[in-house]
């Protein structure tokens, strides 16, 4: 499958089969995140991989009761260390969020290439997750994603996207 098909058909998956993910597949997906670029190669991203069913269940209330998270065989928590780097003049603290997001995007695309489903989770309590995972003060959670083989075939072409002529502007904002 080529990269354009992978990008076109990656979807948020909320229904997972209980099938275990082979370690070599999981390793490839995690490696894709590890090699993601970051500003000035500062690499603030760290991943916490959760496979224990009891721990996954305890994540549900910390993610505003999104029960489906615990049904996937793996949950990945992507966190980042505050790199105190003001990339882009106004970005300040957001620099770390951008870097971690690039890594998570690599992870979700690699997962799709492996036939795995993901769902970018942005609704969670950072403070509670920091305590749960015992994160240092200068580390914050950026995203979580369940990871597993989806039920059915959710990998379809996108629907409801704005047209290209509205999405892309040439030479100035129009």
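The values are calculated or read from the model by the stated rules, or taken from the named source; none is laboratory data. Computed from a predicted model, the values in this text were never measured in an experiment. Ideal geometry is used to build each Cβ from the backbone, glycine not excepted, and the neighbour counts take in all protein chains shown.
Tell me, please, whether a residue that is surrounded by 13 or more Cβ atoms within 10 Å (Cβ to Cβ), in contact with a helix residue (DSSP H, G or I) (Cβ under 8 Å, 6 or more places away or on another chain), over 19 Å from residue 134 (Cα atoms) and touching a residue at least 12 places away in the same chain (Cβ under 8 Å) can be found in the stretch 41-55. Give the derivation first.
We begin by selecting, within the stretch 41-55, every residue surrounded by 13 or more Cβ atoms within 10 Å (Cβ to Cβ); these are 42-48, 50-51, 55.
From the residues that got through so far, the ones that are in contact with a helix residue (DSSP H, G or I) (Cβ under 8 Å, 6 or more places away or on another chain) too are 42-45, 47-48, 50.
Within this subset, residues satisfying the condition of being over 19 Å from residue 134 (Cα atoms) are 42-43.
Restricting the remaining residues to those that are touching a residue at least 12 places away in the same chain (Cβ under 8 Å) gives 42-43.
Yes, the stretch 41-55 contains at least one residue that is surrounded by 13 or more Cβ atoms within 10 Å (Cβ to Cβ), in contact with a helix residue (DSSP H, G or I) (Cβ under 8 Å, 6 or more places away or on another chain), over 19 Å from residue 134 (Cα atoms) and touching a residue at least 12 places away in the same chain (Cβ under 8 Å).
For the stretch 133-147, which positions are farther than 23 Å from residue 16 by Cα and in contact (Cβ under 8 Å) with a residue 24 or more places away in the chain? First the steps, then the outcome.
Of all residues in the stretch 133-147, those farther than 23 Å from residue 16 by Cα come to 133-141.
Answer for the stretch 133-147, where residues must be farther than 23 Å from residue 16 by Cα and in contact (Cβ under 8 Å) with a residue 24 or more places away in the chain: 133, 135, 136, 138, 139, 140, 141.
Kindly indicate whether any position in the stretch 117-126 is farther than 28 Å from residue 2 by Cα and assigned to a helix (DSSP H, G or I).
yes
For residue 159, state whether it is part of a helix (DSSP H, G or I) and farther than 23 Å from residue 97 by Cβ.
Details: part of a helix (DSSP H, G or I): no; farther than 23 Å from residue 97 by Cβ: yes.
When the stated conditions are applied, residue 159 does not pass them.
Which condition number does residue 97 fail, the rest of (1) outside any strand (DSSP E or B); (2) under 10 Å from the mean Cα position of the chain (by Cα); (3) under 22 Å from residue 64 (Cβ atoms) being met?
Condition not satisfied by residue 97: (2).
Which residue out of 72, 78 is farther than 16 Å from residue 44 by Cβ and surrounded by 14 or more Cβ atoms within 10 Å (Cβ to Cβ)? Explain how you work it out, then say what you get.
Working: 78 fails: farther than 16 Å from residue 44 by Cβ.
That would be 72, the only listed residue that is farther than 16 Å from residue 44 by Cβ and surrounded by 14 or more Cβ atoms within 10 Å (Cβ to Cβ).
Just for the stretch 7-24: of the residues that are out of contact with any helix residue (DSSP H, G or I) (no Cβ under 9 Å at 6 or more places or on another chain) and in a helix (DSSP H, G or I), which one is nearest to residue 51 (Cα to Cα)?
Per the stated criteria, the residue is 23.
Based on what the data block shows, is residue 29 modelled with pLDDT of 95 or more, touching a helix residue (DSSP H, G or I) at 6+ places or on another chain (Cβ under 9 Å), closer than 29 Å to residue 131 by Cβ and surrounded by fewer than 14 Cβ atoms within 10 Å (Cβ to Cβ)? Explain how you work it out, then say what you get.
Values: modelled with pLDDT of 95 or more: yes; touching a helix residue (DSSP H, G or I) at 6+ places or on another chain (Cβ under 9 Å): yes; closer than 29 Å to residue 131 by Cβ: yes; surrounded by fewer than 14 Cβ atoms within 10 Å (Cβ to Cβ): no.
So residue 29 does not fit the description; no.
Within the stretch 81-132, track down each residue that is crowded, with 22+ Cβ neighbours inside 10 Å and at positive phi.
none
Of all residues in the stretch 28-81, which are in a helix (DSSP H, G or I) and within 15 Å of residue 110 (Cα to Cα)? Walk me through how you get there before you give the answer.
Let us first name the residues in the stretch 28-81 that are in a helix (DSSP H, G or I), namely 28-34, 39-41, 53-63, 67-71.
Selection gives 28, 29, 30, 31, 32, 33, 34.
Among the candidates 60, 75, 67, single out the residue that is touching a strand residue (DSSP E or B) at 6+ places or on another chain (Cβ under 7 Å) and within 17 Å of residue 16 (Cα to Cα).
Details: 60 fails: touching a strand residue (DSSP E or B) at 6+ places or on another chain (Cβ under 7 Å); 67 fails: touching a strand residue (DSSP E or B) at 6+ places or on another chain (Cβ under 7 Å).
Step by step, each of 60, 75, 67 is checked, and only 75 is touching a strand residue (DSSP E or B) at 6+ places or on another chain (Cβ under 7 Å) and within 17 Å of residue 16 (Cα to Cα).
Looking only at the stretch 143-153, decide whether some residue is modelled with pLDDT of 95 or more and surrounded by fewer than 17 Cβ atoms within 10 Å (Cβ to Cβ). Explain how you work it out, then say what you get.
At the first step, the residues of the stretch 143-153 found to be modelled with pLDDT of 95 or more are 143-151.
When the remaining residues are screened for being surrounded by fewer than 17 Cβ atoms within 10 Å (Cβ to Cβ), the result is 151.
There is at least one residue in the stretch 143-153 that is modelled with pLDDT of 95 or more and surrounded by fewer than 17 Cβ atoms within 10 Å (Cβ to Cβ).
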